[in-house]
Amino acid sequence: MTTVFSQAVLNEARFLGGTSSFDQNGRSSRVGVEHPTGTFGGNVLASQNRGETRFQFVDNVTFQTGDHTFKVGADVTRSRTRVETGFNRSGSFIYGTTRGSSRATATGSTTPT
């Protein structure tokens, strides 16, 4: 909303209210493998669920004095963000080298047999 108080004073006000969401669910239950030649197997970031609620108020006043124009204002935002992630729920095998060793380091919930 723009309000003209006089030839020398102008006020601009805006309000925003909104929500957004991003949900991504991985369906893999496979164990992940990290190897110097590549990464394959399960998805280490199995799910991502995010949501945001935002309220914003902006108010600016522009005024003119002689040959000068001034603009002052405020921008106030309240944002609530929800983030839920499931990391590596099936575990991973991490190989640090391709030289002669078949041993792996297990992380997460999976134990090598």
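The values are calculated or read from the model by the stated rules, or taken from the named source; none is laboratory data. Just so you know, these numbers come straight off a predicted model, no measurement behind them. No Cβ is skipped: glycine too gets one built from the backbone with ideal geometry, and neighbour counts run over all protein chains shown.
General remarks:
- Cβ-Cβ under 6 Å pairs, at least 6 apart or on other chains, segment 19-40 side assigned to a loop (DSSP other than H, G, I, E, B), far side at pLDDT below 75 and surrounded by fewer than 10 Cβ atoms within 10 Å (Cβ to Cβ): 36/98
- Segment 19-46, residues that are at pLDDT 90 or above and surrounded by 10 or more Cβ atoms within 10 Å (Cβ to Cβ): 20, 21
- Scanning segment 1-18 for residues that are small (Gly, Ala, Ser), in a strand (DSSP E or B) and closer than 26 Å to residue 64 by Cβ yields 6, 13.
- Within segment 52-86, the set of residues being within 17 Å of residue 1 (Cβ to Cβ) and of a type in the set (Asp, Glu) comprises 59, 75.
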